[in-house]
């Protein structure tokens, strides 16, 4: 419609997540993931899609949280 404004909800449904169904937050909650694993899902799902963040940057962030989770799993195993 001419002159209409598209409202983007950057808090509840940012475009870099809304393109996915289900959204990452729903997966994280549904699977009962903790903080680090939730961050891994978040950064993997948005890699290359969030304005201002490169794909490589988001993948490095995902790796950071995955490495923390692996370290915790190693500590718990001893």
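Bear in mind these aren't lab numbers, they're just calculated from the coordinates by the rules spelled out. What you see is a predicted model; the values in this text were computed from it and never measured.
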What label, among (1) 5.7; (2) 6.5; (3) 4.8, belongs to mean projected area of the Cα convex hull in nm² computed from the structure on display?
(2)
Pairs of Cα atoms under 8 Å, at least six residues apart: use those to get the relative contact order of segment 15-77, whole percent.
30
Based solely on its DSSP helices, what 222 nm [θ] is calculated for the chain when runs of n ≥ 4 H residues each add -39,500 (n - 2.57) and the sum is averaged over all residues, nearest 500 deg cm²/dmol?
-18500 deg cm²/dmol
